[in-house]
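Since the structure comes first, as structure tokens, the remarks are kept for the end.
The values are calculated or read from the model by the stated rules, or taken from the named source; none is laboratory data. These figures come from a predicted structure and were not determined experimentally. Here Cβ is always computed from backbone atoms with ideal geometry, including for glycine, and neighbour counts include all displayed protein chains. Heads up: the accessible areas ignore ligands, DNA and RNA and are worked out on the full protein's heavy atoms, side chains in. Shrake-Rupley method; radii C 1.70, N 1.55, O 1.52, S 1.80 Å.
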Amino acid sequence: MYRKSILFVCIILTLTWSGLIAQNGQSSSKAGIRLIPVWSSQVDSRWQPGENIGNADDGITAEFVEFSQDGKWLVTANGLGDAFVLDARDGKIVKRYTYISRKEISRISEFDISGGQMKGMETECGAFSPDRRYLILGGNLNGIKVFDLESDSMVRHIKVDEEVDGLSVSADGRFFAHAAEKSARVWDLETWKSLARVTHGNKEGVINSIDFTSDARFMASAGNYGHVILTRTRDWQQMGDGLVEKPSSIKSVRFSPDDRYIAAGYGGSSSVAVFDTEDMSLFKFYPLFYIEAVAWSPDGRYLFAGGRDGQGRLRVYDTATWEMVGDPEVQADGSNIEYIDFYDDLVAVAGEDAHVRLYRLEKK
């Protein structure tokens, strides 16, 4: 059993300066920014170089990566039902959890989810509570699972009759929100009392992404409805509705660090939009490709976007000029970028090359 455990860790975890992507992280950048590789960790053992090219959607993936609030840990997952807590210093596994098991999925006869049975064991999203007391996971078929990080035991299982593609915890630890049927459902993280259900139209569709302002006064949520819904957390009233000319499924929403803007990444519309939080007017619009992830650097200087470009490259915009200043390659084999997260000058990227890769943002 001990040998099998060691073998499992060795298979799923590779720490490498991978020759599969540009080693110097050099971007074509007027501002001279670079992404310097720090480490790389493979979390799905099925991935092989050269076999997952471009837009291949085969369930071999790392769908998300999130830093803990203190920057010491990262949480990620694979397409085999496993979630991992990684040490941010070197990418080594600290803890491992099961979001959905083979036994659980064997009881399911119909797979009414994006990608069908092939995507059934994916863990789609996760986050730490600010005090690192809880790890919260969501996915395609098993609702929400909450684990106590000290005892490693599951302390809560919230059934959700919908894919849980997105969840978020407010920075002050008051609120936890997750995707639910045609809505985002909000809980008090201390008492686990249900606080609100923020609806997203009357059509069938999932919520893909949720974010809170730094002071937790507002929440943004978006998904297949194609609207960015701004909600006031004091009374859970809708305060704004961000729209582009041709709405489509929104895969990612993020407040800027000063909460002045909301960035949204669109799938069908193949674009990134930036809305003014004050009145939800459209501030910037960038036609690109199928966008899976947007993220702001912590100082607000840069807006990052990534998705299905067939090149595994990020697009980086300088918010002083709103011009693109870089397109560094961050994935192997041109794989889809699924998620981006920041802590200080560290950039974590996850995607369909089944790796989590950590870079250091260098500005010249």
Connecting every pair of Cα atoms under 10 Å apart in the chain and solving the GNM, the largest mean-square fluctuation among 291, 93, 210 falls on 93
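Roughly how many percent of the accessible protein surface of the stretch 153-272 is carbon and sulfur, given a 1.4 Å probe and a whole-percent answer?
42 percent
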Take residue 276, project a point 7 Å from its Cα along the Cβ direction, then tell me which residues of the stretch 225-257 have their backbone nitrogen under 16 Å from it.
240-244, 256
Simple Cβ-charge dipole of the stretch 34-77, Lys/Arg +1 and Asp/Glu -1, about Cα centre, in debye nearest 20
260 debye
Based on the Cα gyration tensor of the stretch 171-275, what are the three equivalent ellipsoid semi-axes, each the root of five times an eigenvalue, rounded to whole Å and given largest first?
22, 16, 10
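Given 20 °C and 1.002 mPa s, compute D for the chain with the Stokes-Einstein relation, Rh being the Kirkwood radius over Cα pairs; round to the nearest whole µm²/s.
Answer from the Stokes-Einstein relation: 106 µm²/s.
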Using a Gaussian network for the chain with springs between C-alpha atoms less than 10 Å apart, which of these wobbles most: 199, 76, 321?
321
Helix-only [θ] at 222 nm, the chain, -39500 (n - 2.57) per DSSP H run of 4+, per residue, nearest 500, equals -1000 deg cm²/dmol
Amide H of residue 292 versus every other amide H placed in the peptide plane: which residues, excluding those fewer than 5 positions away on the same chain, fall under 5 Å?
306, 307, 308
How would you rank 86-92, 278-284, highest first, on the average number of other Cβ atoms within 10 Å across their residues?
86-92, 278-284
Note down the relative contact order for the chain as a percent, whole number, built from C-alpha pairs under 8 angstrom at least six residues apart.
17 percent
Here are some pairs, 72/246; 92/363; 145/182; which of them have Cα atoms lying more than 31 Å apart in this structure?
72/246
Ignoring ligands, DNA and RNA, what accessible area per residue does the stretch 244-320 give at 1.4 Å, in Å²?
36 Å²
I need the shape label for the stretch 231-309. Rule: rounded when a/c is under 1.5, else prolate if a/b > b/c, else oblate, with a, b, c from the alpha carbon gyration tensor.
oblate
For the stretch 231-364, averaging the sequence separation of alpha carbon pairs under 8 Å that lie six or more residues apart and dividing by its residue count, the contact order in percent is 14 percent
